[in-house]
1. Give me the three principal axis extents of the stretch 145-297 from the C-alpha atoms, as integers in angstrom, largest value leading.
2. Between THR611 and ILE688, what length in nm is gained on full extension when 0.36 nm per residue of separation is reduced by their alpha carbon distance?
3. Looking only at the stretch 560-589, which residues have a backbone nitrogen under 11 Å from a spot 7 Å from the Cα of ARG595 in the C-beta direction?
4. Between the DSSP loop rule and a limit of at most 12 other Cβ atoms within 10 Å, which GluC sites (Glu not before Pro) in the stretch 527-577 are left?
5. Which log10 I(q)/I(0) values, to two decimals, does the stretch 651-691 give at q = 0.18, 0.28 Å⁻¹ under the Debye formula with one point per Cα?
6. Stretch LYS205-GLU541 to full length: gain in nm at 0.36 nm per residue minus the Cα-Cα span?
7. Relative to a virtual label point 7 Å from the Cα of SER662 in the Cα→beta-carbon direction, which members of the stretch 594-623 show backbone nitrogen distances below 14 Å?
8. In a Debye calculation with equal point scatterers on the alpha-carbon sites of the stretch 518-690 and no solvent, what is log10 I(q)/I(0) at q = 0.09, 0.10, 0.13, 0.15 Å⁻¹?
Amino acid sequence: MRKLIDLIIFIVGIGAGYELSQLRKPNVEKDISDLGFTRKALRKAQFSWSNLISENQNAIAVITLTSCALVFGSFLQNYGYIFKASLLDLPQTEFTGTTIPITHVPDWTQLSSTERTMRFDQIPSSKIIPIPDYNLQDMKQGEVWEESNDDQRNAYITYPVPNLGNYKLDATENSGSHPGIDIKTLIGTPVQSISNGVVYKVQEKTTGYGKAISVAHVNIPDPRNPGQTTTLVSTYAHLSKIKVREGQKVEKGEIIGETGETGFATAPHLHFQIDRSDAPFIPYWPFSYAELQAAGYNSNFDAVEAGFGAQNAKQYTEHPLNFVAKYNDNSINLNNLVAVDDTAIPAVIESIQTPVENTETETTDVEPVETNENQENNRIEKWEDEETLQTSAPAEETVIELAETAPADMVMVQTVRKGALEISFETDQSYTPGEDETVKIKINEANLVATAGIELSSTLRDRAKVTPAVLKASDFDANGEAEIIIKTSSEYPFRLVAVSDFGEVKSPSLKPEIFSDIPGSHTYSTAIKYLKDNNIVKGYEDGTFRPDNTLNRAEALKLILEANSIFAESSENSSFSDVSNTAWFAPYIQTALKREIVKGYPDGSFKPGNTVSRAEFLKMAIATGDFPLPEITSDPYPDIAKEVWYAPYFAFARDQKLLRTSTGNTAIPNGLITRGEAAEIIYKLSQIITR
């Protein structure tokens, strides 16, 4: 808007100045001395704006033009690139090196499911880490989740789509035609310019790159030609906020925007790419929709997966993080970048690629192709749902019949027919990472199974073990049923894959769960998984955790002591009248008493079966961890006065974000604490201890 106003003022100013300069062109100079007035006296006697203008056209014309020059001077300073012939006409960059566009990201291995949906500035500082190295080897190792590979796991999650990669989440370069790199982070993460430059383009669209900034870096080192300089343009796409304007000069490390998920994106991230100045348009995409269709692809997703246009991307774009690493002079370690291997593009791509023609219509912006929303919207760049990126169509003559959609805890049946052969998959649509999961396969006629049998795998590939890997006709019982076991430590949804002469068939999606009633998407899944992985909780015999159940005093003490690795000491004599020496909870109560965590009631009882309130649990958990309590100067919550005994514990909980509050930000201190809430408090306290 400011640019438009400045331009209007400039044009109007020039026009007004010209018109005024033309008004005073009389054929004869009129002498008014005989009227007895000097010019000065006449002006004083007959002053008006119209007279002023008519009498001073030349002077006003000069003033008007001068004002326009001042306005236009500012206009040219900020927006003069509009009148340049090309990028090469922009001001040269004072090159002082490079920096990474994002310096810090969440510690993905430590975030709760709720925190994964928050803004960057809402995450505790203890869960923010320097951005991991872009190291393909680490990223590949991070595909498989293990307790000892948090660094590799963070690298794998942070860079879901490498340079010239695909959307399979396989940590590979040159496996597709996606230009640049996707950096996964939360909405609101600060984005900075990688080097000094001038903002060449700002766009705010609902499709394509969404809100995006392109910064031109003129006369900087050419990464392809040592000793020479060139012009490169860095682009930062899918932003939520833009903090610069076109034509503005920016410095290396200057915050220019914040990450988001605008445009053609289904998850928060930064799309970061670097284009060369000879690209047909900026930001550059390696194919248009017409080229995609002409080559026989149905979607942008399919084209990128096949590497369509990869040679164009290699010609007109640079490996963005290789460039940053080469000229980086800050403390971030980027020495492990992997260079692009020019020979890695499959030769088959050459035969199906349609070259970009430099026609008039193709010199305008070309965005990543939009596809049918129902077909592709949940596939492109949606890294959390990995199994949806692995689908492929069955053979033409294969018929798939799905049962009606069932709740997650019910058995899902999918039947596939190939001629006379029917194959059914039966699964409850869930699995527990690290544990065996049984899937039943049923056929109508065992003798119709091919001699080679049915080969079995999963969309997780080598990250899951399937036993047996091949089913023969003899493996099916009299009812045509066989069972297979699948085991994985992955936390991604996946499908079982069966391959034989009928083609490729996939089972319904199996989604991860911690316990049978705790899916990966559960509010307290991260906390409960932490307790389970550390053998603090084991759940019930039926495989449930029952997060909504309340805790009694004995259960709460056991949970808190074991979470703090405090050994429960047995004692021959109980200190409480209602606690038997042989009770399972007696050692926990005696240990807590000895450590002054609990005191019991005035009548000498402990009442181990009494339910625990939120205030009581907080006091026991915080006291056991020996955390220093803050000074109370005001009410910590609207429903907790600063004078009550538990106010310091709730103040600590508020400062450390241990609790989820209710309507009106109330803490409900006397409300009964649930197993899920207790798990989250223990988990969050453990993170304070380890930081």
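1. Between the extreme Cα coordinates on each principal axis of the stretch 145-297 lie 46, 40, 38 Å.
2. Fully extending the segment from THR611 to ILE688 adds 25.1 nm.
3. Output list for this probe position: 560-569, 588-589.
4. In loop regions of the stretch 527-577 (DSSP not H, G, I, E or B), the sparsely surrounded GluC sites (Glu not before Pro) are GLU541, GLU569, GLU572.
5. Summing over Cα pairs of the stretch 651-691 leads to -0.53, -1.10.
6. Length gained between LYS205 and GLU541: 115.6 nm.
7. 613-615
8. Values, matching the q order: -0.31, -0.39, -0.66, -0.88.
No value in this document is a laboratory result; all are computed from the given coordinates. What you see is a predicted model; the values in this text were computed from it and never measured. Using ideal geometry, Cβ is built from the backbone for each residue, glycine included, and neighbour counts are taken over all protein chains shown.
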